[in-house]
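One structure is given below, encoded as C-alpha cells.
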Amino acid sequence: DQQVKQNSPSLSVQEGRISILNCDYTNSMFDYFLWYKKYPAEGPTFLISISSIKDKNEDGRFTVFLNKSAKHLSLHIVPSQPGDSAVYFCAANKPSSGSARQLTFGSGTQLTVLP
Amino acid sequence: DSGVTQTPKHLITATGQRVTLRCSPRSGDLSVYWYQQSLDQGLQFLIQYYNGEERAKGNILERFSAQQFPDLHSELNLSSLELGDSALYFCASSSTLAGGKRGELFFGEGSRLTVL
C-alpha cells in the first residue's frame, strides 16, 4: 500500500527553467511533509518542509506547495541548476505517540538539469 | 557531511547469516531512526529510538532487531538473512523526538547489504 506516490520516475529540465516535482498521498492523517534530495552514494539531504496547516513554504530557489483537498504536494525549483540533478524524495509524517517521527517516503524522481 | 556515521558501508553475506549494522548519530542527537531502501523503492521506516528507548516501530521484520546504547549509538541486527533483505539500510538522527528545527532527519550515507 503506497501511501506516498511519486508517479514520475524521471524529469529532465533545461538549466535556468523551472523544475516541478510532484507527489500524491492517500493518508489524510499525514500532518507534515518534507522533500529530500539524494546524490549517488550519499544519504538523503533535507531540502524543505511544510506543515499541513500551510499551503506554501519558500526557501530560496525552492518552494513547496500543498493542496490538502487534492492530497497533492509539489516542489518547484527556480531557476534550475545542473547541481540540482539528483533523486528527489517526497516524505510524509504520520503522527504517532509522543510526537515520534515516522516518515513515509515516495519512490523518488530523478531530476536531470541539462546545461 | 551530515554528521551521521554508518558502518560498514558495504557488506556481502550469505543466506541464513546474521549481520550487525552500526550507526553513530550527530553529536548531541538523541533520536535515531533506521530505514530500508530496496531496489527502486522509497525508504521504508523500520524503527526509531530516543535516548535509549524504542519510540516508534514501522514494518520491521521479526528477524530484525535494533537497540540504542547509553552512548547513543545504535545497532541494527539482521538475522536469518534472505535474498530479499538485500538493500540499502539508512540510519538517521535528530535532536528531538520530532526531528530537527524544521522536522527534518539527518541521514547517514547508508550501509549496502548484499545477500547471496
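Rg to Rh ratio, the stretch B:4-116, alpha-carbon atoms and Kirkwood radius? Using Cα coordinates only, the ratio equals 0.95. In this structure A:HIS76 has an accessible area near 40 Å², from a 1.4 Å probe over the protein heavy atoms. In this calculation the C-beta distance from A:LEU11 to B:ARG112 is compared with R0 = 30 Å, giving a FRET efficiency of 0.70. Normalising by residue count, the stretch B:50-116 has a Cα convex hull of 103 Å³ per residue.
A 1.4 Å probe, protein heavy atoms only, puts the accessible area of B:ARG26 near 60 Å².
Checked against a 24 Å cut-off, the cross-linked pairs A:LYS5/B:LYS101; A:LYS56/B:LYS101; A:LYS5/B:LYS9; A:LYS38/A:LYS68; A:LYS5/A:LYS38; B:LYS9/B:LYS101 give Cα-Cα distances beyond that limit for A:LYS5/B:LYS101; A:LYS5/B:LYS9; A:LYS38/A:LYS68; B:LYS9/B:LYS101. Averaged over residues, the count of other Cβ atoms within 10 Å places the peptides A:2-8, A:66-72 in the sequence A:2-8, A:66-72, highest first.
Per the Cα gyration tensor, the stretch B:1-44 maps to an equivalent ellipsoid with semi-axes of 23, 15, 10 Å, ordered largest to smallest. Peptide B:55-67 has a mean of 2 when you count, residue by residue, the C-beta atoms of other protein chains within 10 Å of its C-beta.
Summing charges over all other residues whose Cβ lies under 14 Å from the Cβ of B:ARG26, with Lys and Arg as +1 and Asp and Glu as -1, gives -4.
Using only the Cα atoms of the protein assembly as shown, each taken as one equal point scatterer with no solvent, compute I(q) by the Debye sum, divide by I(0), and report log10 of the ratio at q = 0.13, 0.14, 0.16 Å⁻¹. Values returned for q = 0.13, 0.14, 0.16 Å⁻¹ are -0.75, -0.87, -1.12. Our coupling estimate for the stretch A:44-59, obtained by passing each phi through the Karplus curve with A = 6.51, B = -1.76, C = 1.60 and θ = phi - 60°, is x, 10, 5, 10, 7, 9, 8, 7, 5, 8, 10, 10, 7, 9, 10, 8 Hz, Gly and Pro reported as x. Put the Cα centre of the stretch B:7-61 next to the Cα centre of the stretch A:1-45 and the gap is 22 Å. Karplus-based coupling profile of the stretch B:102-116, in residue order and whole Hz: 10, x, 8, 10, 10, 9, x, 7, x, 10, 8, 9, 10, 10, 9, with θ = phi - 60° in 6.51 cos²θ - 1.76 cosθ + 1.60 and x standing for Gly or Pro. With the convex hull drawn over the C-alpha atoms of chain A, the volume per residue is 105 Å³. Put simply, the amide H of A:GLU15, placed in the peptide plane, has neighbours under 5 Å in A:LEU114, leaving out anything fewer than 5 places away on its chain. Charged neighbours of B:ALA66, selected by a Cβ distance under 10 Å, balance to -1 (K, R count +1; D, E count -1). Evaluating 6.51 cos²θ - 1.76 cosθ + 1.60 at θ = phi - 60° for every residue in the stretch A:5-19, the Karplus couplings come out as 10, 10, 6, 9, x, 8, 8, 10, 9, 7, 3, x, 8, 8, 9 Hz, glycine and proline recorded as x. In the distance distribution for the stretch A:32-74, Cα-Cα pairs more than 16 Å apart total 39 percent.
The values are calculated or read from the model by the stated rules, or taken from the named source; none is laboratory data. Bear in mind that the values here come from a model prediction, so they are computed numbers and not experimental data. Because the Cβ atoms are built from the backbone with ideal geometry, glycine has one as well, and the counts that use them run over all protein chains shown. Remember, those area values only see protein heavy atoms, side chains included, never the ligands or the DNA or RNA. Shrake-Rupley method; radii C 1.70, N 1.55, O 1.52, S 1.80 Å.
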